[in-house]
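Inspection log for the structure reproduced underneath, given as structure tokens.
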Amino acid sequence: MTTETDAPKTNISPEMKAAVGREIGRKVSFPISESDIRRWAIAIYYPQEPPRLFWDAEYAKGTVHGGIVAPEEFNPFAWMTANGFERTSTTGTVDGDYLESSLGIKGPGLKFMLNGSLETDYGVRMRPGDVITSVMRLHSYTEREGRLGLMLFGTTEDTWTNQKGELVKKSRNMVIRY
Amino acid sequence: MAQRTLDVGTELPVFTRATGLANWNRYAAVNSEFVPIHMDDEAGKAAGMGGAFGMGNLQWSYLHALVRSWIGDEGRIVNFSCQFRSPNVKGQTVEAHGKVVGVRDEGGEKLVDLEIWTIANGETVLAPGKATVAL
């Protein structure tokens, strides 16, 4: 006999299922500066000196790249994009329904979020002066019981191109919510 | 071109970092990632962890740093993936490791498949993954 308490639980609503494949958003970066690249490299390699390819223009000129390039995983969208200032939380909390809010649908209202996995195919390198466009789509939802309860796995696919239309990277990021 | 051994089983030179707020705050500053669980022990505990813990994306960067150092400026990362399995908590020493698992010629390039992972204090695997590089 099935009772209400042992009926299957899910956090994936029909509205969420229907949204799979939809564009979540697109953003355009400000032109990447040498300083953006340098600071990123300093943060990643701290406390050691980062590789000269990321900050020494003379050195970088003599490499196969012909100039400074950004580390492959560099984020040109940090702080602010050319789309305008994005309001951030004033309470220090993160919106657990960030994905569904971006799609204009109701989210599952889960409290915690963790980065689950990331996979990326790389194209051309990012360089100073580049303007990067990101187009993000909802790739999939899955869920299963975990140590901390019913876990929701939401995967997004993010495609970045530069101002010449060249592919910079295509990434799939899975975020766990519970 | 840098000299390196491409035999299956070859291990990459390890990339090591002592981790804590000094690293995480710098990463938060460049990635605009000011999330309470990465800055505040109480928020980390409320999320079911022992305290504040590092960003998964920083493990991702450490793995890239490992692979970049091995392939040199001439090498190219074709693809890269990892899972974020365990939190990087304060005071851990994190090592990024890599090992050659395959070598093939494709489209005029030598492609090398790597198994990569970060491990905390030599015992807890944090971020296992894979990469393919072109040399």
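Every number here is computed from the coordinates shown, using simple stated rules; none is lab data. Since the model is a prediction, treat every value here as computed from it, not as a measurement. Glycine gets a Cβ as well: all are built from the backbone with ideal geometry, and neighbour counts include every protein chain shown.
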Completion exercise
Only helices counted: for chain B, with every DSSP H run of 4 or more residues adding -39500 (n - 2.57) and the sum spread over all residues, [θ] at 222 nm is -7500 deg cm²/dmol
Practice task
Just order B:104-113, B:24-33, B:11-20 by mean Cβ neighbour count inside 10 Å, highest at the front, would you?
Solution key: B:24-33, B:11-20, B:104-113
Fill in the blank from the handout: Counting Lys and Arg as +1 and Asp and Glu as -1 over every other residue whose Cβ sits under 15 Å from the Cβ of A:G109, the net charge comes to -1
Exercise for the section: Take the Cβ-Cβ distance between B:T5 and A:K106 as r, set R0 to 41 Å, and report the resulting FRET efficiency rounded to the nearest 0.05. Expected result: 0.15
Completion exercise
If each part is reduced to its alpha-carbon centroid, the range B:107-135 and the range B:1-62 end up apart, in Å, by 16
Handout entry: Viscosity 0.692 mPa s, 37 °C: Kirkwood-radius Stokes-Einstein D of the protein assembly as shown over Cα pairs, µm²/s
Key = 158
Practice task
Could you please report the charge total around A:N11, scoring K, R as +1 and D, E as -1 over all other residues with beta-carbon less than 13 angstrom from its beta-carbon?
Solution key: +1
Completion exercise
Across B:34-40, the residue-averaged tally of Cβ atoms belonging to other chains within 10 Å stands at 3
Practice task
First select every other residue whose beta carbon is under 12 angstrom from the beta carbon of B:V101; then total the charges, Lys and Arg +1, Asp and Glu -1.
Solution key: -1
Practice task
Mind computing the radius of gyration and Dmax over the alpha-carbon atoms of the range B:1-77? Å is fine for both.
Solution key: 16.3, 50
Exercise for the section: Please average, across the residues of B:46-52, the number of beta carbons from any other chain that are within 10 Å of each residue's own beta carbon, and give a whole number. Expected result: 2
